[in-house]
Amino acid sequence: MRPAIVFVHLACCLALCIAFYPFQPAWLQEKANARALQRDGNDYGNGAAAARGVTLEIEQRARHGFNSPAERAERDAGLLARKYGGPRSSEMNTNGAVTKRMNQYRVQEAVASEQPLTAGIDQDGTDYAYFIKVELGSKRQPLYMLLDTGAGSSWVMGSGCTDKACAQHDTFKFAASDTFHATSKDFSVTYGSGAVQGKLASDTLTVAGVTFDYSFGLASTTSSDFMSFPFDGILGLSMSRGSNDNFLEKMTAAHKLEKNIFCVTLNRAADGLNQGEIKFGSTNPAKFTGDITYTPLSSEEGEWAIQIDDIAFDGKKAEVGGIMSYIDTGTSFIFGPMDKVEKIHRLIPGAKSPNGQIYTVPCDMDKALTFTFSGVDYKVYPQDWISPKNAAGECTSNLYGHDVAKGSWLIGDTFLMNVYSVFDKDEKRIGFANLASSDSKSASSSGSGPIKTTMGTASSTATPSAATHQADNPQSSGNPAGAVGGQETPSGVDEGKPKETSDSAAIGDHSRVKSQAVVATLMAALVVVFA
């Protein structure tokens, strides 16, 4: 019965967008539960952070109330959304003005950056969900929005929403904004088993120091799935157009960017000093070393999807490439077809799985995985692809055999923490580079750097500092590749400096998953479960 239920969850995922994918393995659930106990004991860290003005931040906060890693993984594999945190207590005044609320989640703040159009990426210490801080409306109400390269639609929870999920989040007090405009157009987005509904609206949005008019979904109904996560909405960064304005197009029109790109560096909690950042319009040479190697997009529908050459373990290729890989900031881990995930783990001594979906691996494994794009290798270290020990003393692999993007890889933050990522809308390509030395930490990282932990709300802020370069460059593997896409359902350079290169390899033929086939698969799964 249980495998059938899992299959239904996965079928739901296939029918929807490669966006906001909230997969919560057991080890992460156990961490969240432990943190919940600490909160009950009033162990709140270092206090609230001071407001920092207008910057874009990506923050991580833990979720709560789940069981083992495997059960958490199954649950999240059934949701096509992304990761969030538990309830937050609130204080509201009676005149509708924006007020602060006590936040029960630890936040590791990023150090401040002096770069233009740049903001720090904060996190809660679990390397799970990254979201940005925006300011909405004439009163510039701060809200957290999930940074999601897999979504074309953006939305926030509205103050008129009375669902349990909204009660546990900051909601947009639109009545207090002098620039708010309502419409009669319906808004609806489904993420796996999660869904939001409401009306389209528009207001001023401030992101990374840029303010512009933006249309978005104002949610009046939010499913209980969102009770498990800390953000108040989703900011869609896909190139495709969802129910509302395309964010990248609107920001480019509002601020004449040097290039229509954004670049992401994700910091891992164990590294101590948080230097994660997101930058719009240009790259930050201080954050990477060597060349940025680009791979052209394979999707014509606007998804951030490229072809992967291969994945290797300890120098041994698994021969799992030649297919599309969705690069998704809204997904914590890595998901792929069961047969390909099995081929990778077959190379890993001691890897075991009861179902081909979740694998346990030796906790003392010290070998990196290697991901190859456009002939260039990028390492993912054990601290990222292997989970911490669970209550049973077992470690699980963060590569899961869930075919969420049918026949494709869904590559999230487990990989992205190890590279400098460039999402280039103008040239329709994604680039990766090795991180600069102060941003790149090996598996031996002790995390001994200073960590500022706060209990801030969306008005808490911080940004990153410049980093130095490391000497080693990516090594070529020589194998070219191709790419794929996903969908959402809404109703020259100086020598010695980093350089950018582009792959000219031809992209193979690809086909999208037809919605009719997906629906048929889902219906078949339902028959299996309920027959």
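Measure up Lys279/Lys340; Lys279/Lys389; Lys259/Lys367; Lys173/Lys279; Lys133/Lys259; Lys259/Lys343 against 32 Å on the Cα-Cα distance and list the ones that go over. Walk me through the intermediate numbers first.
Details: Lys279/Lys340 34 Å; Lys279/Lys389 34 Å; Lys259/Lys367 38 Å; Lys173/Lys279 28 Å; Lys133/Lys259 22 Å; Lys259/Lys343 40 Å.
Over 32 Å Cα-Cα: Lys279/Lys340; Lys279/Lys389; Lys259/Lys367; Lys259/Lys343.
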- Message: I want to check the label-to-label distance for Glu319 and Ala392. Put each point 7 Å from Cα in the C-beta direction and report it in nm to one decimal.
- Response: 3.2 nm
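Students often check this: by mean Cβ neighbours within 10 Å, which of 354-361, 180-187 ranks highest, and how do the rest follow? Numbers along the way, then the final one.
On the way: 354-361: 18.4, 180-187: 13.8.
The densest-packed peptide leads the list: 354-361, 180-187.
Give me the net charge of Glu249's neighbourhood, meaning all other residues with Cβ under 11 Å from the Cβ of Glu249; Lys, Arg count +1, Asp, Glu -1.
Values: positive: Arg241, Lys250, Lys425; negative: Asp245.
Result for the neighbourhood of Glu249: +2.
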- In whole angstrom, and with the biggest value first, how far do the Cα coordinates of the stretch 287-339 range along each principal axis? 31, 31, 22
- Item | Extension reserve of the Asp339-Glu249 stretch, reckoned as 0.36 nm per residue once the Cα distance is removed | 28.5 nm
- Task: At 7 Å along the Cα-to-beta-carbon direction for both Ala176 and Arg241, put a label point, then send me their distance in nm to one decimal.
- Result: 3.3 nm
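Rule-based calculations on the coordinates, nothing more; no lab input. Not measured: the values here are computed from a predicted model. FYI the Cβ positions are ideal-geometry reconstructions off the backbone, even for glycines, and counts take in every protein chain you see.
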